[in-house]
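Participant: One structure follows; several queries about it will come next.
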Ligand code: PLP
């Protein structure tokens, strides 16, 4: 083996070397056929033959400012020229500036931040800190949730990817989700599960509330079906947590920083958590970054108590500088406003598609965070593919996604829910283009309508 470069990196070579040496996430490696990507700009990326794809996913719902935003690229370049790395024990400008900006943007009295390399690591730290602050050990998490792939975060996660990591960490207790389209309690009015507090209260009574350190929820569930809570739900969790001295953790790794048309999803309901977890949209993922931001009360607690957490790359200057630049771009370019306006256009377009496509059972969304749930029948609500289907998008959903890709629109799905999460900088022409392609490919779902 030589490290001297002799051969050109053609698409074929990238693909062949990738196949031989790279382990891809959540996949049977031999079944993969990834497209070699050569570049991207804005809402688009392209392959080595110049074939362009509209990124209606923002990759892993992180590329909120789109591909290769020039100001963001330049900020990373400038920080790299100044100081690529300094350990977490030193004070560093981009780190300080980003933490101050987050304190200014987040709701309520959220104040100090600990920076990580992504969402899972931030959730891990939140759980450990909550245990230390309260002196309790149990954590209540929900079934339809994804909190990351490290041991603790995967134990918090409810979705079936957890099964391969079990038994996981101890002390995680689970509650049901406010999935109003498929109410787990069978649609009673009022529903204890969909209203939040009564269901949580009952679980706490079985578990002993004095052993529970925290409740962790995604205010809007991302990966597991784009679920929006009914009004009053988060408020109700807040009240129950306050009554029992339990910390409320909001995981806004996917929903935070403009995705739902507000800076933070919890702003829609004016509920403030004790700990807010963010990543992805914080810097569009140009450099790995996550953040755990804690209330003024926990910030005070940290002044006299040890913070038992740390990583070599905690508060990495390149990541923090990209965060600072990203938040400035969002303000300067009205990115949250664009998310709201384009979301309205997308929502109206989807409602029109539902008139023509019976397989659309439910449309859920705000901002550019939309889920379209596909069913075999609107009356029975039988899902187009079962929830425990192997792979994230079993046929016929995978056929639909493939057809969209062949037409130049990159989409993904979670079981029977299409995830529509384009970059927050997308324009109306691009939204209309995606709606046109959806109109064509949804016939593949309609074919299974009974
Ligand atoms: N939390 C939520 C809500 C997420 O959507 C994700 C990733 O998709 C994570 C946590 C994990 O973040 P990361 O992959 O950066 O560890």
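Every number here is computed from the coordinates shown, using simple stated rules; none is lab data. In this text the structure is predicted, and so the values were computed from the model without any measurement. Every residue, glycine as well, gets a Cβ built from its backbone with ideal geometry; the counts of neighbours run over all protein chains shown.
Participant: Taking only the alpha-carbon atoms of the range 1-125, what semi-axes of the equivalent ellipsoid follow from 5 times the gyration tensor eigenvalues under a square root, in whole Å, largest first?
Facilitator: Working: eigenvalues 233, 75, 64 Å².
The answer is 34, 19, 18 Å, longest axis first.
Participant: So how do 283-289, 65-71 stack up, highest first, on mean other-Cβ count within 10 Å? Don't jump to the answer; show the numbers that get you there.
Facilitator: On the way: 283-289: 24.3, 65-71: 18.9.
Ranked from most to least packed, the peptides come out as 283-289, 65-71.
Participant: I would also like to ask the following. Let me make sure I get this right: for the range 187-233, a, b and c are the square roots of the gyration tensor eigenvalues over alpha carbons, sorted descending. Under 1.5 in a/c it's rounded, otherwise prolate if a/b > b/c, else oblate. Which is it?
Facilitator: Working: a/c = 2.67, a/b = 1.34, b/c = 1.99.
Oblate.
Participant: Next up: Please sort 24-36, 426-438 by packing, taking for each peptide the average over its residues of neighbouring beta carbons within 10 angstrom, highest first.
Facilitator: Details: 24-36: 10.2, 426-438: 17.9.
For the peptides 24-36, 426-438, the packing ranking is 426-438, 24-36.
Participant: Go ahead and estimate [θ] at 222 nm for the chain from helices alone: -39,500 (n - 2.57) per DSSP H run with n ≥ 4, summed, over the residue count, rounded to 500.
Facilitator: Numbers: 13 runs with 162 residues, N = 450.
Value at 222 nm, helices only: -11500 deg cm²/dmol.
Participant: Further question on the same structure: Tell me the relative contact order for the range 218-267 as a rounded percent, counting alpha carbon contacts under 8 Å between residues six or more apart. Show your work: numbers first, answer last.
Facilitator: Details: 41 pairs, mean separation 19.1, N = 50.
In percent, rounded to a whole number, it is 38.
Participant: Rounded, prolate or oblate: which fits the chain when a ≥ b ≥ c are the square roots of the eigenvalues of the alpha-carbon gyration tensor, with rounded for a/c under 1.5 and prolate only if a/b beats b/c?
Facilitator: In terms of gyration-tensor shape, oblate.
Participant: What is the order of 95, 328, fewest Cβ neighbours within 10 Å to most? Each step should come with its number before you reach the end.
Facilitator: Values: 95 23, 328 15.
Neighbour counts put them in this order, fewest first: 328, 95.
Participant: Relative contact order of the chain, please, whole-number percent, based on alpha carbon pairs below 8 angstrom and at least 6 residues apart. Please list the in-between numbers first.
Facilitator: On the way: 887 pairs, mean separation 87.9, N = 450.
Reported as a whole number, the value is 20 percent.
Participant: A further question on this structure: Would you mind ranking 443, 339 so that the residue whose beta carbon has the fewest other beta carbons within 10 Å leads the list?
Facilitator: On the way: 443 13, 339 29.
In increasing order of surrounding Cβ atoms, one gets 443, 339.
Participant: Further question on the same structure: For the modelled label position 7 Å from the Cα of residue 300 along Cα-to-Cβ, which residues of the range 102-123 have backbone nitrogen atoms closer than 18 Å?
Facilitator: Flagged as within label range: 108-113.
Participant: Of all DSSP beta bridges in the chain, what percent run antiparallel (nearest 5)?
Facilitator: Working: 32 of 48 bridges.
Within the chain, antiparallel bridges account for around 65 percent of the total.
Participant: Compute the orientation-averaged projected area for the range 345-445 from the convex hull of its Cα atoms and round it to one decimal in nm².
Facilitator: Hull-based average projected area comes out at 5.9 nm².
Participant: Then there's this: Based only on other Cβ atoms within 10 Å, what is the fewest-to-most ordering of 115, 250, 415?
Facilitator: 415, 115, 250
Participant: How compact and how long is the range 297-345, expressed as Rg and Dmax of its alpha-carbon atoms in Å?
Facilitator: When restricted to Cα atoms, the range 297-345 yields Rg and Dmax of 17.3, 50 Å.
Participant: Assign one of three labels to the range 135-270, namely rounded, prolate or oblate, based on the Cα gyration tensor with a ≥ b ≥ c the square roots of its eigenvalues; rounded applies when a/c is under 1.5, prolate when it is not and a/b is larger than b/c, and oblate otherwise. Before the final figure, lay out each step's value.
Facilitator: Details: a/c = 1.32, a/b = 1.08, b/c = 1.23.
It is rounded, given that a/c, with a ≥ b ≥ c, falls under 1.5.
Participant: Of all alpha-carbon pairs in the range 1-62, indicate the percentage at a distance above 14 angstrom.
Facilitator: Details: 1260 of 1891 pairs.
In whole percent, the long-distance tail amounts to 67.
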